């Protein structure tokens, strides 16, 4: 049975041909993953080039950025407080300390490492991460990550204040 949401020229493809078509990245996706891969490599390099702040936050100040305004004015850490410190800890091989400092930051560090080979695979033209995500409940993953992000923030508040 034909899928009414598909363009007419794709209606005649077999199920296997359609699956193969769906798993090919388009130019926009390739450019996106080129930029994401380069951005991840840069962030990983920066994480390795700075020393983690012993306070568990504020490491980003070594990059010339301002201290956390929310922590200074309200007295509680912002949702991303400690992320740069966690990245730096993980980059220096202190992964467990990175998890204890800011769990979401540690997971994002590992995701950035995983993004490097994924970007190369997408750039090869043999895999569409966008289409794969659409077929594998991307919204559920996004909601789960958002919940993890909020729980990590609550944890950071608890260990900082």
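Being assigned to a loop (DSSP other than H, G, I, E, B), in contact (Cβ under 8 Å) with a residue 40 or more places away in the chain, out of contact with any strand residue (DSSP E or B) (no Cβ under 6 Å at 6 or more places or on another chain) and surrounded by fewer than 18 Cβ atoms within 10 Å (Cβ to Cβ), is that true of even one residue in the range 100-114?
Within the range 100-114 (the criterion being assigned to a loop (DSSP other than H, G, I, E, B), in contact (Cβ under 8 Å) with a residue 40 or more places away in the chain, out of contact with any strand residue (DSSP E or B) (no Cβ under 6 Å at 6 or more places or on another chain) and surrounded by fewer than 18 Cβ atoms within 10 Å (Cβ to Cβ)), the answer is no, since none of the residues qualifies.
Restricting to the range 80-97, count the residues that are under 17 Å from residue 160 (Cβ atoms) and surrounded by fewer than 16 Cβ atoms within 10 Å (Cβ to Cβ).
Number satisfying all stated conditions: 0.
Counting only residues that are farther than 14 Å from residue 156 by Cβ and surrounded by 16 or more Cβ atoms within 10 Å (Cβ to Cβ), which one in the range 44-59 is nearest to the chain's Cα centre (by Cα)?
44
Which residue out of 64, 82 is over 15 Å from the mean Cα position of the chain (by Cα), modelled with pLDDT of 95 or more and within 17 Å of residue 150 (Cβ to Cβ)?
None of the other options fit; the residue is 82.
If you check 37, 75, 93, which single one turns out to be at pLDDT 85 or above and not in a loop (DSSP other than H, G, I, E, B)?
On inspection, the qualifying residue turns out to be 37.
Taking interchain pairs and intrachain pairs at least six residues apart, which have beta carbon atoms under 8 angstrom, with the first residue in the range 131-144 and in contact (Cβ under 8 Å) with a residue 60 or more places away in the chain and the second assigned to a helix (DSSP H, G or I) and surrounded by 12 or more Cβ atoms within 10 Å (Cβ to Cβ)?
131/22; 135/22
The values are calculated or read from the model by the stated rules, or taken from the named source; none is laboratory data. Bear in mind that the values here come from a model prediction, so they are computed numbers and not experimental data. Glycine also receives a Cβ, built like all others from the backbone with ideal geometry; neighbour counts cover every protein chain displayed.
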